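The values are calculated or read from the model by the stated rules, or taken from the named source; none is laboratory data. Keep in mind it's a predicted model, so treat the numbers as computed, not measured. As a convention, Cβ positions derive from the backbone with ideal geometry for all residues, glycine included, and neighbour counts pool all protein chains shown.
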Amino acid sequence: MGYVRAKSLLYIFLLAFLVFYGPLLKAAEKTTKSKEGPSLVVAQPTFEAGKVLEGEEIVHTFIIQNKGTKDLVIKSVKPG
C-alpha cells in the first residue's frame, strides 16, 4: 500500500511541477530563440542637453553595439 501512495504522490508532484513551471520553461525557450539575429544595445539610450539657445548646435555620440549573431542594418535615424 505504501508503494501505491508514493507513486500517487510522485504523479501529483510531477503534475504540479508542469502546471506551475511549464510556462516558465516555455518562456525561457522563447528567450533563447530570440537571441538569434541582430540585437541592438545602447549603453546610454537618452541624452539631456539641458538649456539650449535657439540656433545652437548640439552634438552627442550614441554608442550602438550589435550583440546579436547576424548583421545589424540601421536603415534610418530620427531625432527625438
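Numbers for the structure displayed
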item	result
Complete set of residues in the range 69-80 that are modelled with pLDDT of 90 or more and either more than 20 Å from Gly37 (Cα to Cα) or surrounded by 10 or more Cβ atoms within 10 Å (Cβ to Cβ) (or both)	Thr69, Lys70, Leu72
Subset of the range 60-73 [β-branched (Val, Ile, Thr) and closer than 14 Å to Pro45 by Cβ]	Thr61, Ile63, Ile64
Scan of the range 44-68 for residues that are surrounded by 10 or more Cβ atoms within 10 Å (Cβ to Cβ) and of a type in the set (A, V, I, L, M), ordered by number	Ile64
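Rundown of residues vs (1) more than 23 Å from Val77 (Cα to Cα); (2) part of a loop (DSSP other than H, G, I, E, B); (3) at pLDDT below 90, yes/no style:
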| residue | (1), (2), (3) |
| --- | --- |
| Ala27 | yes, no, yes |
| Lys30 | yes, no, yes |
| Lys33 | yes, no, yes |
| Glu36 | yes, yes, yes |
| Val41 | no, no, no |
| Gly50 | no, yes, no |
| Glu54 | no, yes, no |
| Thr61 | no, yes, no |
| Gln65 | no, no, no |
